[in-house]
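The values are calculated or read from the model by the stated rules, or taken from the named source; none is laboratory data. In this text the structure is predicted, and so the values were computed from the model without any measurement. Glycine gets a Cβ as well: all are built from the backbone with ideal geometry, and neighbour counts include every protein chain shown. For accessibility, only protein heavy atoms count, side chains too; no ligands or nucleic acids. Shrake-Rupley method; radii C 1.70, N 1.55, O 1.52, S 1.80 Å.
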Amino acid sequence: MKALILAAGLGKRLKHKTSDRPKAMTIIGKKTIIEYQIEALLNAGVREIGIVLGYKKDVLTAFLTEKFPDLRLHYFENERYSDSDSAYSFWKARAFVEGESYLHLNCDILFPPVLVREIMTSAHPNLIAVRKDIPLTDKMENVHIDENGRITRMSIIHFPDANAKAFGLAKLSAESTRLIISLLAPYIERGDYHQNYYGMIRQAVAHLPYWGKVSDQNHLLEVNTLTDLEFAKETLASTFKLEKISG
């Protein structure tokens, strides 16, 4: 199975931490986020990995060449990284994953190999990692998961029956990719590059079944802000076992 990592953005909410490097290269413990991601993917048996580049692209490619000299990575460029969002990054790499199931990753997510394996081997063709152990608010991917584990609604505005937060780690089917491309194409055609990839999934859940893979803070973490970063460094260094994330 292929994996696609969206790593083009500016990482503004990490402030000075991304002044000289892309968000994917934020350091936690002794490694960068993208190192943890790639090592977890390799440990889970994923060998074909695509990365969408943008901000500080040369810094990231040089770093990955040094860290993974024997791994052939597939690079795609979002040249509009400063005035676009994640759906446009996906658009630039869509041919890489079109026609097959793949793992979709945001570059700010930490996870161990066991979670990747569980997602890959699940019978559900479209499976999004979620957590139920955090307070739900506006400006996060609120989801409602029914008694069968299916996601029935997604919104960045909190709603009364929301019971989980979706994270940027998912297995998506060829059927899902076809649908996302068809939903996204009209935006691209009219020059709207500001759509969020999960915004497309918010629309897609009305047409295709998506399920939630429930996880917790010991197996799934987003590093989007300085507060998230400190939490990862100070709290999860022991429970998440960051230095042992590759197995």
**Prompt:** How about the stretch 82-177: which GluC sites (Glu not before Pro) there lie in a loop by DSSP and see at most 16 other Cβ atoms within 10 Å?
**Reply:** 98, 100, 147
**Asked** Carbon-plus-sulfur fraction of the accessible area of the chain, 1.4 Å probe, in percent?
**Response** 49 percent
**Request:** Express in % the proportion of alpha carbon pairs of the stretch 118-190 at distances exceeding 19 Å.
**Result:** 44 percent
**Prompt:** So how much slack lies between residue 234 and residue 65, counting 0.36 nm per residue of separation and subtracting their Cα-Cα distance, in nm?
**Reply:** 57.9 nm
**Message:** Can you find, among 88, 158, 142, the residue sitting farthest towards the positive end of the charge dipole of the chain, where Lys and Arg contribute +1 and Asp and Glu -1 at Cβ?
**Reply:** 88
**Message:** Loop-only trypsin sites (Lys or Arg not before Pro) in the stretch 1-96, please: DSSP not H, G, I, E or B, and at most 12 other Cβ atoms within 10 Å.
**Reply:** 30, 47, 72
**Shape of the stretch 49-128, Cα gyration tensor, a/c cut at 1.5** = oblate
**Prompt:** Given charges of +1 on the Cβ of Lys and Arg and -1 on the Cβ of Asp and Glu, with all other atoms neutral, how large is the dipole of the stretch 31-177 about its Cα centre, in debye to the nearest 20?
**Reply:** 120 debye
**Fill in**
Per its Cα gyration tensor (rounded if a/c is under 1.5, else prolate when a/b beats b/c, else oblate), the chain is best filed as rounded
**Message:** Run the simple label-point estimate for residue 189 and residue 174 please: 7 Å along Cα→C-beta, distance reported in nm.
**Reply:** 2.4 nm
**Asked** Spin-label point model (7 Å from Cα, Cβ direction): what's the residue 226 to residue 114 distance in nm?
**Response** 3.4 nm
**Message:** Probe of 1.4 angstrom, ligands and nucleic acids ignored: what's the accessible area per residue over the chain, in square angstrom?
**Reply:** 44 Å²
